[in-house]
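In what follows, a single structure is set out as structure tokens and then discussed.
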Amino acid sequence: MPKFKVHELWPKPIFDSEIPVKQQWIDFAHNCEYERVFADNAEYTIDKYVLNKLPDLKKLILEQVNIFTTNYLKVVDAEFYFLNSWINKHYPKDWAQDHMHENSILSGVYYLNTPKDAGGIVFVKGYGEQEIFPMALTPKVSEYNYVTSKEMTFQVNQGKLVIFPSNLMHRVEENKSDKNRYSLAFNLYCRGHFGHKEGQLSL
């Protein structure tokens, strides 16, 4: 077989990192007040700015955000900041349906407590995304990869931090353990100087 390369252009980047969990963060999550979400498949904190009460964790997550945006994406003249943050509490059999995050640029989730079989996060290729094959003709494949797959599941563990574009569709698998799963979700926006010439914008 002749040598060849395949260039996968314009991918959706998902940042995957680790921050060791402190027991005080878990205790904080256990002591928060929660309310049931509208879909009745999980609970989240009434307080939607919980990172303001966890300044050490907030700083550590922001450091990782800067590694992603500055070191990897090479963003200049702009900074990312937290819009909101909340803790999700998934009881056994709880889950989350396909959704995106509105009015933000990047979103993320930090896993505080993930029992065995508590479920992963699934990223879904959006409708209308550029496809190698049109919906009118979708061949069978012997093995899925980043080009041909319609969705990808990330297995999670305590301390994992995942950051992704807010417009990337995702869902949370069912918690099949007999314990509660706790994760901290957040949204980020960007301020600074953008564009050039007639396309300049300052926020």
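The values are calculated or read from the model by the stated rules, or taken from the named source; none is laboratory data. Because the structure is a prediction, the values reported are computed rather than measured. No Cβ is skipped: glycine too gets one built from the backbone with ideal geometry, and neighbour counts run over all protein chains shown.
In the set (1) assigned to a loop (DSSP other than H, G, I, E, B); (2) within 21 Å of Trp10 (Cβ to Cβ); (3) in contact with a Phe, Trp or Tyr (Cβ under 8 Å, 6 or more places away or on another chain), Gln158 fails one condition alone, (2). Residues being modelled with pLDDT of 95 or more, surrounded by 15 or more Cβ atoms within 10 Å (Cβ to Cβ) and more than 25 Å from Phe68 (Cα to Cα) are represented in region 162-174 by at least one member.
Go through the residues of region 125-134 one by one and say whether even a single one is closer than 29 Å to His90 by Cα and small (Gly, Ala, Ser). Scanning region 125-134, I find at least one residue that is closer than 29 Å to His90 by Cα and small (Gly, Ala, Ser), so the answer is yes.
Going through Glu129, Glu143, Glu79, Glu102 one at a time, which residue ends up being exposed (fewer than 12 other Cβ atoms within 10 Å of the Cβ) and either touching a residue at least 12 places away in the same chain (Cβ under 8 Å) or under 16 Å from the mean Cα position of the chain (by Cα) (or both)? Don't jump to the end; show me each part of the working.
Numbers: Glu129 fails: either touching a residue at least 12 places away in the same chain (Cβ under 8 Å) or under 16 Å from the mean Cα position of the chain (by Cα) (or both); Glu143 fails: either touching a residue at least 12 places away in the same chain (Cβ under 8 Å) or under 16 Å from the mean Cα position of the chain (by Cα) (or both); Glu79 fails: exposed (fewer than 12 other Cβ atoms within 10 Å of the Cβ).
Sole residue among the options that is exposed (fewer than 12 other Cβ atoms within 10 Å of the Cβ) and either touching a residue at least 12 places away in the same chain (Cβ under 8 Å) or under 16 Å from the mean Cα position of the chain (by Cα) (or both): Glu102.
Selection over region 5-36 of residues that are more than 23 Å from Thr153 (Cα to Cα), in a loop (DSSP other than H, G, I, E, B) and at pLDDT 95 or above gives a count of 3.
Against the criterion of being under 17 Å from Leu188 (Cα atoms), loosely packed, with under 14 Cβ neighbours inside 10 Å and either over 19 Å from the mean Cα position of the chain (by Cα) or without any contact (Cβ under 8 Å) to a residue 24 or more places away in the chain (or both), Glu33 does not qualify.
Name the residues in region 175-188 that are crowded, with 16+ Cβ neighbours inside 10 Å and not aliphatic (A, V, I, L, M), would you?
Just the residues of region 175-188 that are crowded, with 16+ Cβ neighbours inside 10 Å, to begin with: 175, 177, 180-188.
Correct list: Asn175, Ser177, Asn180, Arg181, Tyr182, Ser183, Phe186, Asn187.
For region 37-46, the tally of residues that are in a strand (DSSP E or B) and over 17 Å from the mean Cα position of the chain (by Cα) stands at 2.
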